[in-house]
Amino acid sequence: MINLIYKALNIIPKAIAKIEKLYSYSILNSHSGVRLHPDLKIGKSTTFELDDDAKFEIGKNVIWRDHNAIRIRKGGTLIFGDNVDLSHYISINCLDKIELGDDTCIAEGCKFYDHDHAFDTKPEYIWHKTKFNTAPIIIGKNVKIYSNVTVLKGVTIGDNCIIGANCVISRNVPPNSIIFGKHELMRLPLM
């Protein structure tokens, strides 16, 4: 009897995961701006927030694993090339354009922001909650981005690059580069 209860309790999370996957596919398939390849593999607990004017193109053999969040707002365009591999807990926030080239691999915990909040410093510091500065992010082909990397607006990472764990990428990276962080705290004046 206990084994039967144990088996029944193990079925519930699996059933929920299947329902979540079906829901994710239904969101993507019902959106007019989404073009996806039929062999797409989506992990469990992936969330999508797509505005009506969002565009999302997904190439062949794209895999993304569990607990990822994808937001495409204000007419943004998100493009995944062929053979893109997204690990767990990745956040992609797109208001302009983010493109991941063919054969790109993104490790756990990475974040992509093609925008930041606008702010003024004169006559006083004001942070705008609904105004944004945007610039596209372009990731080349055959790029490996390791855990907990943050890629900020306006960045182009060239083909055949490796980005080491915990880096914040705020400038362009030329092709065939290896980037790793030298972690130091810096203090700059706000005004």
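What follows draws every value from the coordinates through simple rules; no lab data is involved. Since we're looking at a predicted model, the values are computed, not measured. Because the Cβ atoms are built from the backbone with ideal geometry, glycine has one as well, and the counts that use them run over all protein chains shown.
Shown for Glu99, Glu57, Glu49: other C-beta atoms within 10 Å of each C-beta, ranked fewest to most, produce the order Glu49, Glu57, Glu99. Arranged from fewest to most other beta-carbon atoms within 10 Å of their beta carbon, Phe112, Phe180 become Phe180, Phe112. Legend: distances between Cα atoms for Lys55/Lys131; Lys41/Lys131; Lys55/Lys122; Lys111/Lys131; pairs beyond 31 Å are Lys41/Lys131; Lys55/Lys122. Among residues other than Gly33 whose Cβ falls under 14 Å from its Cβ, what is the net charge (Lys/Arg +1, Asp/Glu -1)? Computed value for this residue: +1. A simple rule links phi to the HN-Hα coupling: the Karplus curve 6.51 cos²θ - 1.76 cosθ + 1.60 with θ = phi - 60°, which for the stretch 78-86 gives 10, 10, 10, x, 6, 6, 7, 10, 10 Hz, with x for Gly and Pro.
By its C-alpha gyration tensor, with a ≥ b ≥ c as the square roots of the eigenvalues, how is the stretch 2-179 shaped: rounded for a/c under 1.5, else prolate for a/b larger than b/c, else oblate? Prolate, since a/c reaches 1.5 and a/b exceeds b/c. With the charge dipole of the stretch 45-132 set up from +1 on Lys and Arg Cβ and -1 on Asp and Glu Cβ about the Cα centre, the Cα lying farthest toward the positive end among the listed residues Gly59, Tyr89, Cys105 is that of Tyr89. Placing +1 on each Lys and Arg Cβ and -1 on each Asp and Glu Cβ, with no other charges, gives the stretch 2-179 a dipole about its Cα centre of roughly 420 debye. With a cut-off of 12 Å between beta carbons, the residues surrounding His117 carry a summed charge of +1, where Lys and Arg count +1 and Asp and Glu -1.
Cβ crowding within 10 Å, taken as a proxy for footprinting-reagent exposure, orders Ile11, Ile138, Ile157 from fewest neighbours to most as Ile11, Ile138, Ile157.
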